[in-house]
Amino acid sequence: MDITLSQCFIAVDDHDEALAFYRDVLGMEVRNDVAFEGMRWVTVGSPAQPDVNIVLEPPLADPNASAADKEVMAQLLAKGLLRGVIFTTDDCDATFERIRAAGGEVLQEPTDQPYGVRDCAFRDPSGNMLRFNQAGQG
C-alpha cells in the first residue's frame with residue numbers, strides 16, 4: 001500500500017498577508033483560492049512538488065463556532081502554537097538570507113544540528129513556526 005501526503009493545513013489570520021509571504025517570499029505557487037460562508041481557503045505549493053498542497057485556512061474554520069472558541073483560537077495562533085511546517089532546502093544559508101531580507105521574523109539563525117541537518121526557523125505573518133532544513137550537515 002502506497003500512502004503519500006496530499007495536503008496540510010496552516011491557520012492564518014490574514015490571507016492576503018499570508019499569500020504575499022508564501023507566494024512572494026517562499027516562491028510557492030497559488031493553486032486555489034476559495035471563499036465560502038465568509039471564510040477563505042488559499043491553497044499553495046512548491047512548484048517542485050505538484051502533488052503536495054498547503055492550505056492556508058481560517059484559525060477556526062467553523063461558521064457555527066462560538067465567539068469564545070474563535071477568541072481562543074486567535075490567541076493560540078498569535079502565540080505560534082497551532083501549527084508548524086518543516087521545509088527542505090538545498091541551501092539553508094541562502095534561504096535564510098532571502099527570507100530575512102524580505103522581513104521574515106527570525107526564530108533561529110542557520111545552525112548545524114546534532115541530528116544531521118543544518119536548519120533555521122522563522123514565523124510566518126500569522127505566527128506559525130516554519131523550519132528550513134538542509135540535509136547532510138552537522
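If you restrict to DSSP beta bridges whose two residues both lie in the stretch 7-135, what percentage is antiparallel, to the nearest 5?
Around 70 percent of the beta bridges assigned by DSSP in the stretch 7-135 are antiparallel ones.
Relative to the longest principal axis of the Cα atoms of the chain, the long axis of helix 67-78 lies at roughly 10 degrees.
Each 5 Å bin, from zero up to the one with the longest distance, holds this percent of the alpha carbon pairs of the stretch 7-135: 2, 10, 19, 22, 20, 13, 7, 4, 2, 0.
A short reminder: the numbers here are calculations on the coordinates, not readings from a lab. From a predicted model like this one, the values you see are computed outputs, not experimental measurements.
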